[in-house]
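The values are calculated or read from the model by the stated rules, or taken from the named source; none is laboratory data. Given the structure is predicted, the values throughout are model-derived calculations rather than measurements. Note: ideal-geometry Cβ built from the backbone for every residue, glycine included; neighbour counts use all protein chains shown. The protein model used for the area step is the full one, side chains on, heavy atoms only, and it has no ligands, DNA or RNA in it. Shrake-Rupley method; radii C 1.70, N 1.55, O 1.52, S 1.80 Å.
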Amino acid sequence: MSVSAAQFFAEYARHRAEEGRALHGDELRSLPYLRAGPLARQWSVRARSFETLISKIINPMAAKKRLDILDLGAGNGWLCYRLARFGHRAVALDIRDDESDGLGAACDLLTGANHQFERIAASFENLPFETRSFDIVIFNASLHYATNLGRAIAEAERVIRRRGMIAILDSPFYASEREGERMVAEKMAQGAARFGARAEILLSQNFLEFLTREKLEKALPSLTWIRHRVRYPLWYEMRPLLAQFKGKRSPSRFDVWSARVS
């Protein structure tokens, strides 16, 4: 079966909605501090990543000026909403504009809000911006969806002003390529049980799926990457020990990574 990108994204939006990700109103505005519901525990982890992003990258650069920030893989716009409230110019870019948790869902954040942000439907591997347009570019739980890592990072670097930063937020990193490949193999093997009738469509795209330090360094050798370790809730930090006890592969980490553009 040949699956088009449009088919994939339509089924992906439906799947995300069924997972409970189609948030609206006060729930959407609360992100990443969602306190109730089936995804609250997951968002408690993402909240720690967000706080690390703010403390390690955003605030140090914001000490001197208001920032122009590009949010890649922005989804429903929750991060841009937060950044705009801090007084920054934020632009949300995502290839999906559906109302589940794509750019269309951001209407709830923009209606009647004092702090606005722009929304653009496009691929982060082909950014529709002029060179040197932003101070910070954030891959927001999205870089592992790249099909060409080198191109995605090179495009981010192109649109960043000198001394600006690229940041990677909430993408799975593994200590080794082998562990990441084991995760992908498990995902493919469990596809039918996890995705049901739409498994073939949802597993059809050639995404990167995971990252390692080595992959980043090879993608654009001119950049030097720094890992900002996120202090997650104790139950989350215990996952490697639990996996070792059960004889399973090591889980990924979702630390924040950054590189400064010279």
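Values computed for the structure shown
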{"read-out": "E217 versus R229: modelled label distance in nm, points set 7 Å from Cα along the beta carbon direction", "value": "1.9 nm"}
{"read-out": "Alpha-carbon spread of the stretch 198-262, three principal axes, descending order, Å", "value": "44, 36, 19"}
{"read-out": "Protein accessible area in the chain, 1.4 Å probe - carbon and sulfur %", "value": "50 percent"}
{"read-out": "The chain - share of DSSP beta bridges that are antiparallel (%, nearest 5)", "value": "30 percent"}
{"read-out": "The stretch 64-196: relative contact order in percent, alpha carbon pairs under 8 Å with at least 6 residues between", "value": "22 percent"}
{"read-out": "Relative contact order computed over the chain (Cα-Cα under 8 Å; 6+ residues apart), in percent", "value": "20 percent"}
{"read-out": "Alpha-carbon Debye profile of the stretch 82-165, log10 I(q)/I(0) at 0.27 Å⁻¹", "value": "-1.43"}
{"read-out": "Virtual spin-label span in nm between T147 and K64, 7 Å along Cα→Cβ", "value": "3.9 nm"}
{"read-out": "Ratio Rg/Rh [Cα only; Rh per Kirkwood] for the stretch 129-190", "value": "1.10"}
{"read-out": "Listed residues I226, I95, I57, most fluctuating in the chain (Gaussian network, C-alpha, under 10 Å)", "value": "I226"}
{"read-out": "For the stretch 191-261 versus the stretch 101-149, the gap between their alpha-carbon centres in whole angstrom", "value": "21 Å"}
{"read-out": "Magnitude of the charge dipole, the stretch 46-154, Cβ model with Lys/Arg +1 and Asp/Glu -1, debye to 20", "value": "600 debye"}
{"read-out": "Estimated vicinal HN-Hα couplings, Hz - the stretch 103-115 in sequence order (Karplus 6.51, -1.76, 1.60; Gly, Pro = x)", "value": "4, x, 6, 5, 3, 4, 7, 8, 5, x, 7, 6, 10"}
{"read-out": "Furthest towards positive pole of dipole, G196, S258, F139, structure part the chain, Cβ charges", "value": "S258"}
{"read-out": "Accessible area of L223 in the full protein assembly, 1.4 Å probe (Å², nearest 10)", "value": "10 Å²"}
{"read-out": "Net dipole in debye of the stretch 22-84 [+1 Lys, Arg Cβ; -1 Asp, Glu Cβ; about Cα centre; nearest 20]", "value": "240 debye"}
{"read-out": "Relative contact order [Cα under 8 Å, 6+ residues apart], the stretch 133-262, whole percent", "value": "36 percent"}
{"read-out": "For the stretch 6-18, 3J(HN,Hα) per residue [Karplus equation, 6.51 cos²θ - 1.76 cosθ + 1.60, θ = phi - 60°, Hz, x = Gly/Pro]", "value": "5, 4, 4, 5, 5, 5, 5, 4, 5, 4, 4, 5, 5"}
{"read-out": "Amide hydrogen neighbours beyond the local backbone of D98, cut-off 5 Å, H modeled", "value": "L103, G104"}
{"read-out": "Top positive-direction residue, dipole computed over the chain with Cβ charges, set M61, F129, G73", "value": "M61"}
{"read-out": "HN-Hα J in Hz across the stretch 238-252 - Karplus 6.51, -1.76, 1.60, θ = phi - 60°, x for Gly and Pro", "value": "7, 4, x, 5, 5, 5, 5, 4, 8, x, 9, 5, 5, x, 6"}
{"read-out": "For the stretch 22-102, the Rg and Dmax computed from alpha carbons only, in angstrom", "value": "13.1, 40"}
{"read-out": "Convex hull projection area averaged over all views, the stretch 117-262, Cα basis, nm²", "value": "10.4 nm²"}
{"read-out": "Rg and Dmax [Cα atoms of the chain; Å; Rg one decimal, Dmax integer]", "value": "18.0, 54"}
{"read-out": "CD proxy at 222 nm, helix term only [per DSSP H run n ≥ 4: -39500 (n - 2.57); per residue of the chain; nearest 500]", "value": "-10000 deg cm²/dmol"}
{"read-out": "Probe 1.4 Å, accessible area per residue of the stretch 133-262, Å²", "value": "50 Å²"}
